[in-house]
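Engineer: I have a structure I would like to understand better, so I am pasting it below and will then ask my questions one at a time.
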Amino acid sequence: MSQGADHHHGSNANSPEIRTEALEDLLVEKGLIDRARVDALIERFEHDLGPMIGARLVAKSWLEPEFREKLLDDADQVLKDEQIQGAEIEHVEIKANEPGVHNVVVCTLCSCYPWALLGLPPSWYKSPEYRSRVVREPRKVLEEMGMSLDPDTEIRVWDSSSETRFLVLPERPAGTEELDFEALTQLVTRDSMIGVAEVKA
């Protein structure tokens, strides 16, 4: 696993990113797709469909204990109540980080992921390396991704499947007591809701 916030897994000619870009260039050149429409679709997934939708759920749970309780107890009902719909969220479970317990999400079989809550999955999430290693050595993987946990912290790894998607409810960082909903929402990142990063004030 590579270090740093971007978690890149190489940029050689065989990387998925390079191949995807080459394919997109070819399709645009042949007039089969319009680059502006592709960019608009990516923008929509990254900003309108997620991860801001997930971030808003997290921020609301930090501010409203009753909402937090409902979210942890029955996320599916909360999503219905909030009129949140979209791909890959037929059944979602929320796992809350708390002192002494840290949650991290993976899909060991493929790359099941709550698109409608988190937007496009990062390339490292789909990589065989992450999918195999985070189950066997989660602490080491998290350290390589820039996250150091207390040695006494229990790490729980949740394996997403076609039946169930998981989302991590990160701990609210200290020093944010005066922040409102919008400000808190801006602090929450996609990676923190996967469990590979902490929310920083």
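No value in this document is a laboratory result; all are computed from the given coordinates. What you see is a predicted model, and the numbers here were worked out from it, not measured in a lab. Here the Cβ positions follow ideal geometry from the backbone for every residue, glycine too, while neighbour counts run over all protein chains shown.
Engineer: Within the chain, what is the longest stretch that has no trypsin sites (Lys or Arg not before Pro) placed in a DSSP loop and near at most 12 other beta-carbon atoms within 10 Å?
Structural biologist: Result for the longest clean stretch: 31-199.
Engineer: Moving to a separate point now. Taking every DSSP beta bridge that has both residues in the chain, what percent is antiparallel when rounded to the nearest 5?
Structural biologist: Antiparallel: roughly 10 percent of the beta bridges in the chain.
Engineer: Ok, one more. So what is the 222 nm mean residue ellipticity for the chain from helices alone, if each DSSP H run of at least 4 adds -39500 (n - 2.57) and you divide by all residues, rounding to the nearest 500 deg cm²/dmol?
Structural biologist: Calculated mean residue ellipticity at 222 nm is -11500 deg cm²/dmol.
Engineer: Next question, about the same structure. Taking the Cβ of S162 as the center, what net charge do the other residues with Cβ under 12 Å away carry, scoring Lys and Arg +1 and Asp and Glu -1?
Structural biologist: -3
Engineer: Right, next: For the chain, what mean projected area does the convex hull of the alpha carbons give, in nm²?
Structural biologist: 12.3
Engineer: At R19 and L72, where each label point lies 7 Å from the Cα along Cα→Cβ, what is the point-to-point distance in nanometres?
Structural biologist: Calculated label separation equals 4.2 nm.
Engineer: For D150 and D180, calculate 0.36 nm times their separation in residues minus their Cα-Cα distance, and state this gained length in nm to one decimal.
Structural biologist: 7.9 nm
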